[in-house]
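What follows is one structure encoded as structure tokens, with my remarks underneath.
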Amino acid sequence: MRRLIKPLLALLALVVIAYVLLRTPDTDPAEMRAKYGAAPSQFVELGDGLTVHLRDEGPKDAPAIVLLHGSNADLHTWQPWVERLEQDYRVIRFDQIGHGLTGPAPDGDYRTPAFVEVVDRVADRLGLDRFVLAGNSMGGAIAVGYAIDHPDRLAGLVLIDAGGAPKKGDERGNIGFKLAATPGINAVMQSVTPRSLIERSLDQSVANKAVVTDAAVDRYWELLRYPGNRAATMARFSAPRETFDPDVLARIEVPTLILWGEEDALIGLEGAQFFRRAIPGSKLVTYPGIGHLPHEEAPDATVVQLRQWLAGLPQQGQIAVSE
């Protein structure tokens, strides 16, 4: 037994040294706000200790579109869409709980209903009666949840490579999400998340590699390390995966547009077909050579399709289609 003590102590010492060398500390909130929260950003208090980082752009009397980002992203993912929509639409985007400069949920609840409730509180705070709700990935699942719970507030629903569909199990995924869902490893990731991991994960998520810039990787990496966000990420990935019941989706009467990248390695085209079949009257458009983030990878093509669809909505038709 004594012979084992020294090797074990040496191994423990190596583990401690490796941890110290590899540890990536939290970022400084003030520095992150200065870097990513300048105008037109707002920090809106919603009550119960929750302050949301939000941007509200475009004419305030124009039809409103609320944009929900995906897992471990932030409101900046929508910049290409905002630049193409803000002339004619009121475009609202915010960092969801456990993400970006909003930071962790005060109550630690990261189930879908909690995200849906925050969307409703944001809409109330901004005085939105009816609006179009669009979401990518996790944000798409939240948008679906909102359409189920609050159909009367929605003029339209846009799902972009949305979560919540059953998975076949053969999706390639990305390494960051896989590690975050692995017990034990995900505990270490609350302190050890190297930039290279974030870069590889983003690269594996898209087909158009032009979006994998140094600035984008830095933003993902720095905002993941915003205090409380890594713990929130691990809490979300530790929870059982939620999928929607087709019978529930069949009750959605909100006009629905589905946009999907054909090369999505996280959620394959089967997910797009699932939503198209389940949601009555929904329209599906797919994009060859595009991955999990069509709004970033193909902003021109997706916005042209979005504008055409918006122009056909009962309360959106007064807006002319432009490219």
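The values are calculated or read from the model by the stated rules, or taken from the named source; none is laboratory data. Since the model is a prediction, treat every value here as computed from it, not as a measurement. A quick note on method: Cβ atoms are made from the backbone with ideal geometry, for glycine too, and the neighbour counts reach across all protein chains shown.
May I ask you to verify whether Ala181 is at pLDDT 95 or above, over 16 Å from the mean Cα position of the chain (by Cα) and within 21 Å of Gly140 (Cα to Cα)? Criteria not met by Ala181. In the set Ala216, Ala239, only one residue is within 20 Å of Asp95 (Cα to Cα) and surrounded by fewer than 20 Cβ atoms within 10 Å (Cβ to Cβ); that residue is Ala216.
Just one residue in the set Ala141, Ala162, Ala134 is under 13 Å from Arg93 (Cβ atoms) and either among the charged types (D, E, K, R) or crowded, with 24+ Cβ neighbours inside 10 Å (or both); that residue is Ala134.
You will find that of Leu126, Leu101, the residue that is touching a strand residue (DSSP E or B) at 6+ places or on another chain (Cβ under 6 Å), buried (at least 17 other Cβ atoms within 10 Å of the Cβ) and of a type outside the set (Gly, Ala, Ser) is Leu101 and no other.
Rundown of residues vs (1) within 30 Å of Thr24 (Cα to Cα); (2) within 22 Å of the chain's Cα centre (by Cα); (3) surrounded by 21 or more Cβ atoms within 10 Å (Cβ to Cβ), yes/no style:
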residue: Phe244; (1), (2), (3): no, yes, yes
residue: Leu249; (1), (2), (3): no, yes, yes
residue: Thr256; (1), (2), (3): no, yes, yes
residue: Trp260; (1), (2), (3): no, yes, yes
residue: Leu269; (1), (2), (3): no, yes, no
residue: Ala272; (1), (2), (3): no, yes, yes
residue: Phe275; (1), (2), (3): no, yes, yes
residue: Gly291; (1), (2), (3): yes, yes, yes
residue: Leu313; (1), (2), (3): no, no, no
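Only a single item in (1) under 19 Å from the mean Cα position of the chain (by Cα); (2) surrounded by fewer than 22 Cβ atoms within 10 Å (Cβ to Cβ); (3) not in a loop (DSSP other than H, G, I, E, B) is not met by Trp81, and it is number (2). Taking the conditions exactly as written (touching a helix residue (DSSP H, G or I) at 6+ places or on another chain (Cβ under 9 Å), in contact (Cβ under 8 Å) with a residue 40 or more places away in the chain and surrounded by fewer than 17 Cβ atoms within 10 Å (Cβ to Cβ)), does Asp107 satisfy them or not? Yes. Scanning region 90-98 for any residue that is charged (D, E, K, R), closer than 25 Å to Pro59 by Cβ, outside any loop (DSSP other than H, G, I, E, B) and out of contact with any helix residue (DSSP H, G or I) (no Cβ under 7 Å at 6 or more places or on another chain) turns up at least one such residue. Being among the aliphatic types (A, V, I, L, M) and farther than 27 Å from Pro299 by Cβ is a property that Ala38 lacks.
Checking every residue in region 292-305 against the condition of being under 22 Å from Asn72 (Cβ atoms) and part of a strand (DSSP E or B) gives zero matches. Phe275 passes every criterion in (1) out of contact with any helix residue (DSSP H, G or I) (no Cβ under 6 Å at 6 or more places or on another chain); (2) without any contact (Cβ under 8 Å) to a residue 60 or more places away in the chain; (3) aromatic (Phe, Trp, Tyr) apart from (2).
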